[in-house]
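The values are calculated or read from the model by the stated rules, or taken from the named source; none is laboratory data. In this text, all values refer to a predicted model and were calculated from it rather than measured experimentally. Don't worry about glycine lacking a Cβ; one is built from the backbone with ideal geometry, like all the others, and counts go over all protein chains shown. The accessibility values were calculated without ligands, DNA or RNA, using every heavy atom of the protein model including side chains. Shrake-Rupley method; radii C 1.70, N 1.55, O 1.52, S 1.80 Å.
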Amino acid sequence: MRKMMNIVLAAVLWLVGAGTLCAQDKDKERTFTAQDSLNYCMKQAQKALLAQRPEAAYRWYRRAVRYDSPSACLALGNCYYFGYGTSCDYDKAYRWFYKAAERGNTVAEYSIGRCYYYGRGTHRDGKQAAAWYRLAAEKGYGMANFGLGCCYKDGDGVPVNYPKAVELFEKAAADSLAAAYYMLGSIYESEREGWTPDARKAFDNFRKAADMDYAKAQYKLGNYYETGRGCTRDYAQAKEWYRKAAENGDMDAQYRLGRCYYYGLLDTKPDYGMSFHWLSQAAAQSHERAQYHLGVLYQNGEGVKQDDSLAYFWFRRAAEQGYAPGIYRLGRCYLEGRGVTASEANAIECFRAAARLGNSSAKAELLSLERD
């Protein structure tokens with residue numbers, strides 16, 4: 001009888017063991033299948049990206065996050081953050097970044113820092129931004145070094161510390177990040193208590209960023225060549241770098257070239273047509289000075305057909321941004337009825353607004369109107 005019980009017990013234990021092994025095998029099969037499905041989704045998303053089919057990539061990432069992959073969560077967060085393949089939604093982007101960051105994804109940690117830095121998908125918090133940037137920076141992520149460097153440069157969430165910012169920007173620059181070279185140039189040209197500016201180092205770093213086709217640095221390089229700061233003055237080089245920056249969409253460079261062609265600066269022959277070409281591009285990007293000067297071109301018929309209505313339009317655009325000469329010119333339009341119905345009351349209102357901003361022409365107009 002005891003022998004029979006032992007046999008039965010052995011049989012039960014074998015069955016339990018066999019069942020456990022079967023369950024383990026099934027778990028392994030499920031794990032393999034999930035990983036296989038995840039790999040398939042991510043591969044299809046990659047193909048969609050290469051084919052420039054953002055909506056398809058977004059749909060594949062939506063499927064991939066079912067398998068709890070940090071990389072898929074990060075990718076879906078980026079879709080929402082940049083509006084790639086779907087509507088931009090910072091709240092959703094933050095949530096998916098956070099899921100990936102919780103699982104130790106370095107890029108997601110940086111992305112959470114960026115959300116806090118700009119207040120996108122969460123409240124604006126410099127301390128949180130710096131903390132998340134630091135977490136990713138300590139793992140060697142270049143963009144996180146850059147973000148943390150910005151925090152130390154501006155005293156955002158951490159005390160201002162230029163040497164620390166330089167250290168971080170240099171690490172980011174080592175990863176060929178053009179913006180890091182630009183920020184190094186900005187620091188070296190800054191004048192701050194306890195910090196000695198170095199024009200040559202500023203120039204050298206702007207040059208590195210400019211050579212990497214970074215538009216803001218190209219504009220800065222034009223400034224340096226124009227003034228001879230940190231380098232030998234060279235108007236031809238200044239004009240060339242302004243042109244490169246302008247062609248890359250930098251509105252300050254576009255405005256600067258527009259003025260050069262209008263006034264004949266930097267050994268340039270006056271050319272109202274070219275002036276209009278560059279000023280109109282800068283004005284379209286809401287550059288208030290370019291909007292004002294474009295109004296002047298339309299009012300005078302220089303480089304373009306004379307048009308008081310368009311002159312009024314551009315003066316108004318500049319005035320709405322608080323640019324005093326634009327407000328003054330808008331007042332003149334109302335006073336003379338050029339491009340708009342004449343209104344002395346509106347003219348006086350504009351002159352007063354411009355005068356409060358220190359515009360001497362507006363002050364003179366007010367005195368003249370008061371005498372009349």
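The condition (being open to solvent by less than 30 Å² (accessible area, probe 1.4 Å), aromatic (Phe, Trp, Tyr) and closer than 28 Å to Trp96 by Cβ) is satisfied by just one residue among Tyr162, Tyr141, Tyr133: Tyr133. Counting only residues that are out of contact with any His (no Cβ under 8 Å at 6 or more places or on another chain), open to solvent by less than 40 Å² (accessible area, probe 1.4 Å) and assigned to a helix (DSSP H, G or I), segment 227-269 holds 8 of them. Taken across segment 270-281, residues that are out of contact with any Lys or Arg (no Cβ under 7 Å at 6 or more places or on another chain), outside any helix (DSSP H, G or I) and open to solvent by 60 Å² or more (accessible area, probe 1.4 Å) do occur, with at least one present.
Only one residue in Tyr133, Tyr181 is more than 26 Å from Leu221 (Cβ to Cβ), without any contact (Cβ under 8 Å) to a residue 40 or more places away in the chain and touching a helix residue (DSSP H, G or I) at 6+ places or on another chain (Cβ under 7 Å), so which one is that?
Just one listed residue meets the conditions, Tyr133.
Taking the numbered list (1) crowded, with 18+ Cβ neighbours inside 10 Å; (2) part of a loop (DSSP other than H, G, I, E, B) in turn, Pro197 passes all entries but (1). Scanning segment 136-155 for residues that are farther than 19 Å from Ala93 by Cα and in a helix (DSSP H, G or I) yields a count of 11. Got a sec? Which helices (runs of 4 or more DSSP H) wholly within segment 299-372 have at least 3 residues that are open to solvent by less than 60 Å² (accessible area, probe 1.4 Å) and under 18 Å from Arg289 (Cα atoms)? Of the helices (runs of 4 or more DSSP H) lying wholly inside segment 299-372, those with at least 3 residues that are open to solvent by less than 60 Å² (accessible area, probe 1.4 Å) and under 18 Å from Arg289 (Cα atoms) span 308-320, 324-336, 344-356.
Of the residues making up segment 63-111, not one is under 19 Å from the mean Cα position of the chain (by Cα) and modelled with pLDDT under 95. The C-beta contact set for segment 184-206 (first residue over 19 Å from Leu168 (Cβ atoms), second residue crowded, with 16+ Cβ neighbours inside 10 Å and aromatic (Phe, Trp, Tyr), distance under 6 angstrom, 6+ apart or interchain) comprises Phe203/Tyr224. Listed by first and then second residue, the pairs linking a residue in segment 341-357 that is at pLDDT 95 or above to a residue that is acidic (Asp, Glu), with Cβ atoms under 8 Å apart and 6 or more places separating them unless they lie on different chains, are Ala342/Glu336; Ala347/Glu365; Phe351/Glu365. For Val158, the criteria (1) within 20 Å of the chain's Cα centre (by Cα); (2) assigned to a loop (DSSP other than H, G, I, E, B) hold in every case but one, which is (1).
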